[in-house]
Amino acid sequence: MTTGATTPTAPKRSRARTFVPLGIAAWLVLEIWLLTLVAGAAGGLTVFALLVAGGVLGAVVIKRAGRRAFRSLSDTIQRQQSGTAGTAGAEDARSTGNGFLMLGGLLLMLPGLVSDAAGLLLLVPAVRTALGRRAERSLERRMRQASPGSLGDAFQQARIHRPDGKIVRGEVVREDAPTGPRPEPGPRPPLTS
């Protein structure tokens, strides 16, 4: 018997949900293959020393980047409380790239030679700067393309700034009512509890 209702179908799986697990599996296979290749050529003790050195270096990098981020946050809070929000030039330049620095430390801590090479690459300031600019441009482009009512639109609304640099959260609502004399409101009823 046909009721005319459509049969529900499963939502289409995104490309990221398809390719990210495959990419992670390929990365793990490559890491294991390279570790066995280096262990065969240089010895297992050398591979173990490389992995331990990568873990220690990664921990040091993450600790240092975390301290820089905390120092930058506390400086920013102190500047905002003292009212000197416009003097953030040198400290902002020094504190940029902390996220990529922490990512580099995390990649160094992961066991594997490919992740160590990527982590060492993220320790280079020019690479962090280039990646930061690219990520910023990508985020700006996605925010401009956001449809009304989406999460990107909410971020766009939250980015409304006052001239002094403080963020004003909210939205503008315009009423297109005719402008004329408004009627005088009558007396209000008393509040009851």
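Just to confirm a number: summing +1 for Lys and Arg and -1 for Asp and Glu over residues other than Gly58 whose beta-carbon lies under 14 angstrom from that of Gly58, what do you get? Residues near Gly58 contribute +1 overall. Scoring 112-119, 73-80, 13-20 by mean Cβ neighbours within 10 Å over their residues and listing the highest first yields 112-119, 73-80, 13-20.
Read-outs: derived from the displayed coordinates by stated rules, not from any lab. None of the values given here were measured: they were computed from a predicted structure. Heads up, the Cβs are rebuilt from the backbone with ideal geometry, glycines too, and the neighbour counts pull from every protein chain shown.
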